[in-house]
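Just below is one structure, and these are the notes that go with it.
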Amino acid sequence: MQDQILPLRLGVNVDHVATIRQARGTNYPSPLTAALISQAAGADSVTVHLREDRRHIQEHDVMDLRSSLSIPLNLEVSAAEEMVALACGYRPQACCLVPERREELTTEGGLDVLGQQERITAAVKALSQVGTQVSLFVEPDLAILDAVRATGAHAVEIHTGRYADAENATERARILESIGTFAMQAHAVGLKVHAGHGLTVENTGPIARIPEIQELNIGHALIADAILMGLAASVARMKNLMVHTRLSSANPVSANGGSARSYSAI
Ligand code: PXP
C-alpha cells in the first residue's frame, strides 16, 4: 500500500455549554446552538457526554443534536447497561465508551478493558447492531491492545490527559512517545485511532503530528477560549443596548418627581 497522509478531524465537545446552562437552571446557553456554530465553523463531528448523574448534557440535548446536526454525533457514555441501552435508542453515528465515577470532575483515565472485557464487549455488540461506530477511551498501554480488538470496537480514543497535565518537558516527551507508539500499533491492527482530553492550542501540535491519529475530541479549552474571545463583543452589545435605550427614553427625571410615566415591559 502507498504511504498516505490521513486527514485529521476535529470533534467539538459542547458539554460545558450545558454546564453553564445547568449552573443557573436556565434554557441558555444552548448546546445545540453551540454545536450548530461549531458545524458551520468546520467541526467534523460534535461530542457530548451523557453522564449518569446528568450534570451537564440532558437526554433532550442528545435528541435535539441527533435530529439537527448534519455532521456525525459522537455520544460518550459509560458501559453501564442502562446507559448503553439509552445510547442504542439514539442511534448516534459514533459512541465512545468511557469510565465514569460520580465524584470525578471529568473523565480521569482510560477504560479498564482487561477487567471489564465482558461488559465492554456486550456494549460494543449492542451499539454495533444499531449501526453505531464504537470507540473505547483508553490509556496508551500496549498491554490492552489485544483485549481492545477482542471487544470488536472500531476505534480507540487515546487519553491525552496525562500528556496535557505532565509536570515537566521530560515527562511530556515520554508520554507523547507512548501515545505515538500506541497509535502506530493500534492502526496496524486495524483500529481507527482518535485522541482527546486536556488538549489546548498550546499542546495539540505534537499530537496532531502523529500520523495514525484521525480524530481529536476537544471541549474544555475550546469553550474556555470561546468565552474569552467572545466576551468583548458580548459586553459591547449590552452596553450599546443600554446607552441607546436610555437616550431614546421618553421618561426624563423630573425635578419635582411625581410626573406621569409609562413603563414598558418590552
Ligand atoms: N474525550 C473524552 C473521552 C472525554 O471524556 C473528554 C471530556 O469529556 C474529552 C475527549 C474532551 O476533553 P477536554 O474537555 O479536556 O477537551
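Projecting label points 7 angstrom from Cα along Cα→Cβ for Ala226 and Gln117 puts them 4.0 nm apart.
Among complete DSSP H helices in the chain, those whose alpha-carbon atoms stretch at least 30 Å along the helix's long axis and whose mean Kyte-Doolittle hydropathy reaches 0.0 are 220-247. Once the Cβ-Cβ distance of Arg9 and Thr181 is raised to the sixth power relative to R0 = 25 Å, the FRET efficiency obtained is 0.70.
Quick one: with all protein chains in place, what share of the accessible area of the range 104-204 is carbon or sulfur, to the nearest percent (1.4 Å probe)?
On the way: 2480 of 4910 Å².
Carbon with sulfur: 50 percent of the solvent-accessible area.
The C-alpha radius of gyration of the range 164-266, expressed as a fraction of 2.2 N^0.38 Å, stands at 2.11.
Note that the range 51-196 shows a convex hull volume over its alpha carbon atoms of 118 Å³ per residue.
Once you keep just the Cα pairs under 8 angstrom separated by 6 or more residues, what percentage relative contact order results for the chain? Could you put the intermediate results ahead of the total?
Working: 409 pairs, mean separation 42.7, N = 266.
Over the chain, the number comes to 16 percent.
With the cut-off at 16 Å, report for the range 222-266 the share of all Cα pairs above it, as a whole percent. Counting pairs separated by more than 16 Å, the tail of P(r) holds 59 percent.
Helix-only mean residue ellipticity at 222 nm, the chain, DSSP H runs n ≥ 4 weighted -39,500 (n - 2.57), per residue, nearest 500. What is it? Write out the running numbers ahead of the final one.
Numbers: 10 runs with 117 residues, N = 266.
My calculation for the chain gives -13500 deg cm²/dmol from helical runs alone.
Longest stretch of the chain clear of exposed loop sites (GluC sites (Glu not before Pro), DSSP loop, at most 11 other Cβ atoms within 10 Å, sites excluded): 1-102.
When the alpha carbon coordinates of the chain are projected onto the principal axes, the ranges are 85, 41, 38 Å, largest first. Centre-to-centre, using Cα atoms only, the range 125-165 and the range 33-94 are separated by 18 Å.
Name the residues of the range 218-251 whose amide N is less than 12 Å from a point 7 angstrom out from the Cα of Tyr28 along the C-beta direction? Flagged as within label range: 238. The modelled label-to-label distance between Arg55 and Asp141, using points 7 Å beyond Cα along the C-beta direction, is 2.3 nm. Annotation note: trypsin sites (Lys or Arg not before Pro) in the range 164-266 located in DSSP loop regions with a Cβ neighbour count of at most 15 within 10 Å are Arg209, Arg261.
Database remark: amide H of Ala79 closer than 5 angstrom to the amide H of Val98 (H placed geometrically; neighbours at sequence offset of 5 or more, or on other chains; Pro and chain starts carry no H). Under 5 Å between amide hydrogens, built in the peptide plane, is the criterion, and for Phe137 it picks out Leu97, Leu111, Glu157 among residues at least 5 positions away or on other chains. Taken per residue, the accessible surface of the range 207-266 reaches 81 Å², heavy atoms only and a 1.4 Å probe.
The GNM of the chain, with springs linking C-alpha atoms under 10 angstrom apart, assigns the highest mean-square fluctuation among Ala233, Ala173, Ala143 to Ala233.
For the range 1-69, applying the loop criterion from DSSP together with a ceiling of 12 other beta carbons within 10 Å to the trypsin sites (Lys or Arg not before Pro) yields Arg54.
Distance between the pseudo-spin-label points of Ala265 and Ala236 (7 Å out from Cα toward the beta carbon): 3.4 nm.
Normalising the average separation of contacting C-alpha pairs (under 8 angstrom, six or more residues apart) by the number of residues puts the relative contact order of the range 146-255 at 24 percent.
Could you do me a favour and compute the accessible area per residue for the range 5-152, 1.4 Å probe, result in Å²? Numbers along the way, then the final one.
On the way: 7050 Å² over 148 residues.
On a per-residue basis, the range 5-152 sits at 48 Å².
The values are calculated or read from the model by the stated rules, or taken from the named source; none is laboratory data. Since the structure is predicted, the reported quantities are computational estimates derived from the model, not experimental observations. Cβ: placed from backbone, ideal geometry, glycine included. Neighbour counts: every protein chain shown. What goes into the accessible areas is simple: the full protein's heavy atoms, side chains included, and nothing from ligands, DNA or RNA. Shrake-Rupley method; radii C 1.70, N 1.55, O 1.52, S 1.80 Å.
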